[in-house]
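The values are calculated or read from the model by the stated rules, or taken from the named source; none is laboratory data. Keep in mind that what you see is a predicted model, and the values were worked out from it rather than measured. Quick reminder, even Gly has a Cβ in these numbers, built from the backbone with ideal geometry, and neighbours come from all protein chains shown.
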Amino acid sequence: MTLARAGLACLLGLILVGAAAPEDEAQRMDANSEPAADEELAVVATRPSERSLLSFEMDAETLSGIPGVNDDPLSALITLPGVAVNDDFEGGTAIRGTRPLDNTYRIDFMEVGYLFHFGTGSVVDGDLVDGFTFYPAGYGARYQGVIGGVVDARTRDPLKDGFRAVLDANLIQGGVLVEGALSDESRAYFSTRASYYDLVLQPFLDEINDSEADDVDVVQLPRFYDYRGRMQFDLRGGARLDLLVDSAADEAELLFHDESTETLQDPALAGAHRFALDYDRQGIVYSRPGGEDDWRWQAGWARNRTGFSARLGGAGTAETMVSDHTIRLEATAPVRRRQRLGWGITLSHLGIDYDVLLRDTGCTEFEVRCRFSDADPIATTDELHLVRIRAFVENTVYLTGAGDGLNLVVGLGHAQDDYLSERELEPRARLEWHLGPRSSLTLGAGRYYQLPAFEYIEDKLGNRDLSYLEADHYVLAFKHRFANGWLVRTDVYRKDLGNLVTANAASRYDNRGGGTGRGFELLLQGALGPRWFGWAALSYSRAVREDTDTGERFDFEYDQPLIASVVAKFLLNEQVSFSAKLWYHSGPPETPILGGEADPDNAGAYLPVYGEVNGERLPSYFRLDLRADFKPRRWQGLSFYGEILNATNHRNVSGYEYEYDYSSRRSITQVPLFLSVGVRKEILR
């Protein structure tokens, strides 16, 4: 881990954002009855052609008020089995042995620029999230273009009657949401949020910078804003038209002095380091839901602009702007009484403008010797255009008639582009056996392809002759709901990965990387009486990478053999609720540095002597977060909330900072014990 990341993580740990207030949890309980059996974390759809039994359906109401995720149902993804995160401030998640960059995210049917801010939750106001479906592996032909997982999120419909406004503020950020009916057939909402903790903490920041004048200055703490709007129109026949606009932006800046440890180890890093990420999206989606015996289809268009800007001291700069225009059509229709056919096509045009002047190390996940000072500068300014076509057909056969017995789903995807000129077929299938009204057994398998990242296939930065990344998924899942409403689910999976990108001295990059991820997962969810409810997840897995040329094998950087989480919520009464989240995982792999040797090309600098790639592990991770919510009877619509993050103040290590000569090291820790408070006001008319 670099000192830049370490300093940023330590500062963020002192100011981690507090959670927003939950929805009225009293709506989910009846003091004289048990919770309904269908209030579950994993919900099984009645038609497997629409939602696979291999997916997890997450409900925003069930997940509201969980501590440590900013009342953000999308960030609650980390509580599910098979999801790995190495650092509290990471914006992405590794899923069943694949990288965060191997996932795809949809919001309201269309892809989004990025889903998570720099360590402070998702880009979607939690009050707008209706829920999301999570596909960790084995998903059908409908989802293409990635070898990892899929998160398909949906925001709720705007308020149909009257007007509603919500004001929410805590120590870190504030936001406002307004929504209401425009007419009998139309409605809209608009939400905007912004962080301001950089202003609140400026005096502390000045003191920190003064105390480390010869090391690293934090010029700009991470800050963000986002907004999201949706206008909805009712059309004839139950159809709907949605107009979508949303945007987000993040930035942070550090300054490395000449005498800093990081600069002494890699002289090219001296100077300012600035990172900025932003996107804006405009879209239109037409939906015709239909009935079980009718056509159901959606069509959408979206323009998505995603910009990235980086300055890495003396190592160089990079500016990119990706403009993605996408048209998508998906439909399902009954073919006969025991059969339903689904099909779809997605057309995308990507325009990438870039201006790069960088000491490009040419490193991938397979290399660790990656100093900017050892690399030659590369300069390229150009634009790249890419047209992608993705199409699928999927046939569901209800072998025993009603859809609740034995079902076979067979699909075929086709992917091609005009840049790498690749054409691939993606066969996928699953067999779903409903053993009874409360049990099901599902077996899924399929082939998946993904376009390599832009920097690997651009003419000067990379190698245009690369092939698609590929993966084969195999999943066996069992689900059972007991008579008392408790749910248990177990999954056994394997992912075989191929054509992963590795460095090559002659061509810069090639496709000789491979890998395997396999594991066992358990989810248990239910309620104890009308006031206690929650869930527990357990994962045991192994993930490795292999250089197929050299035969070298090592643990995947997100390999965490044991992951466990417990979430519990207690409703004291209609005004007060408490919740807790406990999270444990094995320490991720780390490549040790055994010592240093003098750099012959830079006086006073040292070169690291590396041990085996990912040859040791960081200490195990443990964190307990607590939360309380209070809604006074006297003030209608007003609520208060408080959280204690890392209540045991456990020192969770995210990496090591080495002395300039690599003679010793010290641990870099993540979020310490932290107390956060906030207030929320809701206005209804």
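As a summary of the residue check, Val566 satisfies the conditions (1) of a type in the set (Val, Ile, Thr); (2) surrounded by fewer than 17 Cβ atoms within 10 Å (Cβ to Cβ); (3) in a strand (DSSP E or B) except for the one numbered (2).
Restricting attention to the range 434-452, the residues being assigned to a loop (DSSP other than H, G, I, E, B) and under 16 Å from Ser55 (Cα atoms) number 0.
Quick one: in the range 191-205, of everything that is of a type in the set (Phe, Trp, Tyr) and in contact with a strand residue (DSSP E or B) (Cβ under 8 Å, 6 or more places away or on another chain), which residue is surrounded by the fewest Cβ atoms within 10 Å (Cβ to Cβ)? Per the criteria, the residue is Tyr196. Go through the range 363-382 residue by residue and tally those that are over 30 Å from Gly551 (Cβ atoms) and surrounded by fewer than 18 Cβ atoms within 10 Å (Cβ to Cβ). Result for the range 363-382: 6.
Residues checked against (1) in contact with a helix residue (DSSP H, G or I) (Cβ under 8 Å, 6 or more places away or on another chain); (2) within 30 Å of Thr306 (Cα to Cα); (3) of a type in the set (A, V, I, L, M); (4) not in a loop (DSSP other than H, G, I, E, B):
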position: Arg388; (1), (2), (3), (4): no, yes, no, yes
position: Ala391; (1), (2), (3), (4): no, yes, yes, yes
position: Gly401; (1), (2), (3), (4): no, no, no, no
position: Asp404; (1), (2), (3), (4): no, no, no, no
position: Val410; (1), (2), (3), (4): no, no, yes, yes
position: Gln416; (1), (2), (3), (4): no, yes, no, yes
position: Ser421; (1), (2), (3), (4): no, yes, no, no
position: Leu425; (1), (2), (3), (4): no, yes, yes, yes
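Of the strands (runs of 3 or more DSSP E) lying entirely inside the range 81-178, the ones with 1 or more residues being among the basic types (Lys, Arg), closer than 24 Å to Thr306 by Cβ and touching a residue at least 40 places away in the same chain (Cβ under 8 Å) are found at 104-107, 150-155. You will find that of Ala188, Ala252, the residue that is under 30 Å from Ser373 (Cα atoms), at pLDDT 85 or above and either buried (at least 19 other Cβ atoms within 10 Å of the Cβ) or under 30 Å from the mean Cα position of the chain (by Cα) (or both) is Ala252 and no other. Looking at the range 616-624, can you tell me whether even one residue there is part of a strand (DSSP E or B), of a type in the set (A, V, I, L, M, F, W, C) and either under 30 Å from Glu546 (Cβ atoms) or at pLDDT below 90 (or both)? Looking through the range 616-624, none of the residues is part of a strand (DSSP E or B), of a type in the set (A, V, I, L, M, F, W, C) and either under 30 Å from Glu546 (Cβ atoms) or at pLDDT below 90 (or both). Taking the criterion of being touching a Ser or Thr at 6+ places or on another chain (Cβ under 8 Å), among the polar types (S, T, N, Q), in contact (Cβ under 8 Å) with a residue 40 or more places away in the chain and crowded, with 21+ Cβ neighbours inside 10 Å, would at least one residue in the range 529-551 satisfy it? Looking through the range 529-551, none of the residues is touching a Ser or Thr at 6+ places or on another chain (Cβ under 8 Å), among the polar types (S, T, N, Q), in contact (Cβ under 8 Å) with a residue 40 or more places away in the chain and crowded, with 21+ Cβ neighbours inside 10 Å. Residues in the range 224-232 include at least one that is closer than 18 Å to Val129 by Cβ and touching a Phe, Trp or Tyr at 6+ places or on another chain (Cβ under 6 Å). Residues that are closer than 23 Å to Tyr448 by Cβ and in a loop (DSSP other than H, G, I, E, B) within the range 53-80 comprise Leu53, Leu54, Ser55, Leu74, Leu80, listed in sequence order. Would you mention how many residues in the range 214-249 are assigned to a strand (DSSP E or B), among the charged types (D, E, K, R) and surrounded by fewer than 18 Cβ atoms within 10 Å (Cβ to Cβ)? Matching residues across the range 214-249 total 2. In the range 659-681, the count of residues that are more than 25 Å from the chain's Cα centre (by Cα), assigned to a strand (DSSP E or B), among the charged types (D, E, K, R) and more than 21 Å from Asp168 (Cα to Cα) is one or more. On inspection, Asp360 does not qualify as among the charged types (D, E, K, R) and surrounded by fewer than 18 Cβ atoms within 10 Å (Cβ to Cβ). Being touching a helix residue (DSSP H, G or I) at 6+ places or on another chain (Cβ under 6 Å) and either crowded, with 23+ Cβ neighbours inside 10 Å or not basic (Lys, Arg) (or both) holds for only one residue in Leu177, Leu115, and it is Leu177. Give the residues of the range 427-462 that are closer than 30 Å to Ala503 by Cβ and among the basic types (Lys, Arg), sorted by residue number. Selection gives Arg447, Lys460.
Annotation note: Cβ proximity below 6 Å between a residue of the range 552-567 that is more than 25 Å from Ala580 (Cα to Cα) and a residue that is among the aliphatic types (A, V, I, L, M) and assigned to a loop (DSSP other than H, G, I, E, B) (sequence gap 6+ or interchain) occurs for Phe554/Val613.
With respect to Thr396, is the statement that it is modelled with pLDDT of 95 or more, among the polar types (S, T, N, Q), touching a Gly at 6+ places or on another chain (Cβ under 9 Å) and within 28 Å of Leu523 (Cβ to Cβ) true? No, not satisfied. Contact annotation: residue pairs with Cβ atoms under 6 Å, 6 or more positions apart or on different chains, pairing a residue in the range 325-342 that is modelled with pLDDT of 90 or more with a partner that is in a strand (DSSP E or B) and of a type in the set (Ser, Thr, Tyr), are Thr326/Ser348; Arg328/Thr346; Arg340/Thr332; Arg340/Thr396; Gly342/Thr332. Only a single item in (1) over 26 Å from the mean Cα position of the chain (by Cα); (2) on the phi > 0 side of the Ramachandran plot is not met by Pro608, and it is number (2). Checking the conditions here, which among Ala506, Ala471 is of a type in the set (A, V, I, L, M) and either closer than 24 Å to Leu562 by Cα or touching a residue at least 12 places away in the same chain (Cβ under 8 Å) (or both)? Of the residues listed, the single one that is of a type in the set (A, V, I, L, M) and either closer than 24 Å to Leu562 by Cα or touching a residue at least 12 places away in the same chain (Cβ under 8 Å) (or both) is Ala471.
Yes/no per residue for (1) touching a Cys at 6+ places or on another chain (Cβ under 7 Å); (2) free of Cβ contacts under 8 Å to residues at least 24 places away in the same chain; (3) hydroxyl-bearing (Ser, Thr, Tyr); (4) farther than 21 Å from Gly678 by Cβ:
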| site | (1), (2), (3), (4) |
| --- | --- |
| Tyr606 | no, no, yes, yes |
| Leu618 | no, no, no, yes |
| Arg623 | no, no, no, no |
| Phe630 | no, no, no, no |
| Arg634 | no, yes, no, no |
| Phe640 | no, no, no, no |
| Ile644 | no, no, no, no |
| Ala647 | no, no, no, no |
| Ser654 | no, no, yes, yes |
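Among the residues in the range 600-612, are any surrounded by 20 or more Cβ atoms within 10 Å (Cβ to Cβ), modelled with pLDDT of 90 or more and over 25 Å from Thr364 (Cβ atoms)? No. If you go through the range 409-447 and keep only what is hydroxyl-bearing (Ser, Thr, Tyr) and either under 25 Å from Asp465 (Cα atoms) or surrounded by 18 or more Cβ atoms within 10 Å (Cβ to Cβ) (or both), you end up with Tyr419, Ser421, Ser440, Thr442. Checked against (1) free of Cβ contacts under 8 Å to residues at least 60 places away in the same chain; (2) over 28 Å from Ala543 (Cα atoms); (3) of a type outside the set (Val, Ile, Thr), Lys460 passes all but a single condition, namely (1). Val567 fulfils the conditions (1) within 25 Å of the chain's Cα centre (by Cα); (2) at pLDDT 95 or above except for a single criterion, (2).
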